[in-house]
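For reference, the structure is listed below as structure tokens.
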Amino acid sequence: MTLAHRLRAAALSGLTLAVFGLASCGGGGNPLGNPANVSNPPGVGGQKLSFAYFQKCINPIFLAQLQINVGGTNSTNTCAGSGCHDTTTGTGGAFRVVPSATALDLTDPANTPDVIRASAMYKNFYSAQGEVVNGSLTQSRLLAKPQLLNVLHGGGLIFADAQDPNVKLISYWITHPAPLGQDEFSTATYSMFTPADPNTGTCNTQ
């Protein structure tokens, strides 16, 4: 056998060992394909964002006439507008808003968690929460997209910077979840208002 043949045989032998090595790490099967089993463990933390603060301080942002800049052209529109994030006529991806959602009195015993979760306002809350990475402002699309922070937004630039009053409200909501182990209706989140009352209090931002 010539030297060239010997080198080629050695290389093939090494490749075979490498393939078997990969197979032992990947759970069997084709080492160049997908693993046989994929495990997606649940996330940790699990703190809930405040429904009370969302209803009073965040949902109105979606209904307000906002200045927008799309490719240098300025105009006004709402997040919940037709062609944007309206739940029936919107084209703005997974984030959806029911414009007609009405506020619920959270101090009324009749408004149990089950009643609230069946409401249109809760649908808005649930959809908005899906655009949030708890505790992370830069990774939360609810903030990143309207500010065009390294991500495209078909609706253009909505919030010029972090000093925008709406950005401050959304930022406060994202960074002040309910205490660990309590749900989104926790009365502990009423401290996000001054006074600490979801009906009469004003929305804190710091």
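The values are calculated or read from the model by the stated rules, or taken from the named source; none is laboratory data. Being a predicted model, the structure only gives us computed values, none of them experimental. Note that we place each Cβ from the backbone using ideal geometry, even for glycine, and neighbour counts take in every protein chain shown. Only protein heavy atoms, including side chains, enter the accessible area calculation; ligands, DNA and RNA are left aside. Shrake-Rupley method; radii C 1.70, N 1.55, O 1.52, S 1.80 Å.
Cα centroids of the stretch 70-97 and the stretch 148-181: 16 Å apart. Using bins of 10 Å that start at zero, the share of Cα-Cα pairs per bin across the stretch 92-161 amounts to 19, 39, 29, 13, 1, in whole %.
What shape does the stretch 104-206 take by its C-alpha gyration tensor, where a ≥ b ≥ c are the square roots of the eigenvalues and a/c under 1.5 counts as rounded, a/b above b/c as prolate, and the rest as oblate?
Values: a/c = 2.09, a/b = 1.65, b/c = 1.27.
Here the stretch 104-206 falls in the prolate category.
Calculated FRET efficiency, D197 to A162, Cβ-Cβ distance, R0 = 25 Å: about 0.35 to the nearest 0.05.
Report the net charge of residues surrounding K123, where surrounding means a beta-carbon distance below 15 angstrom and charges are Lys +1, Arg +1, Asp -1, Glu -1. Around K123, the charge tally is -2. Each residue, L180 and Q206, gets one label point 7 Å from its Cα in the Cβ direction; the gap between the two is 2.9 nm. Within straight-line reach of K123, meaning a Cα separation under 17 Å, sit the following lysines at least 8 residues removed in sequence or on another chain: K48, K56. Quick one: pull the percent of accessible area on the stretch 95-198 belonging to carbon and sulfur, 1.4 Å probe, ligands and nucleic acids left out. After summing per-atom areas, the C and S share lands at 56 percent. Using 0.36 nm per residue and subtracting the Cα-Cα separation, the extra length available between A103 and K123 on full extension is 6.0 nm.
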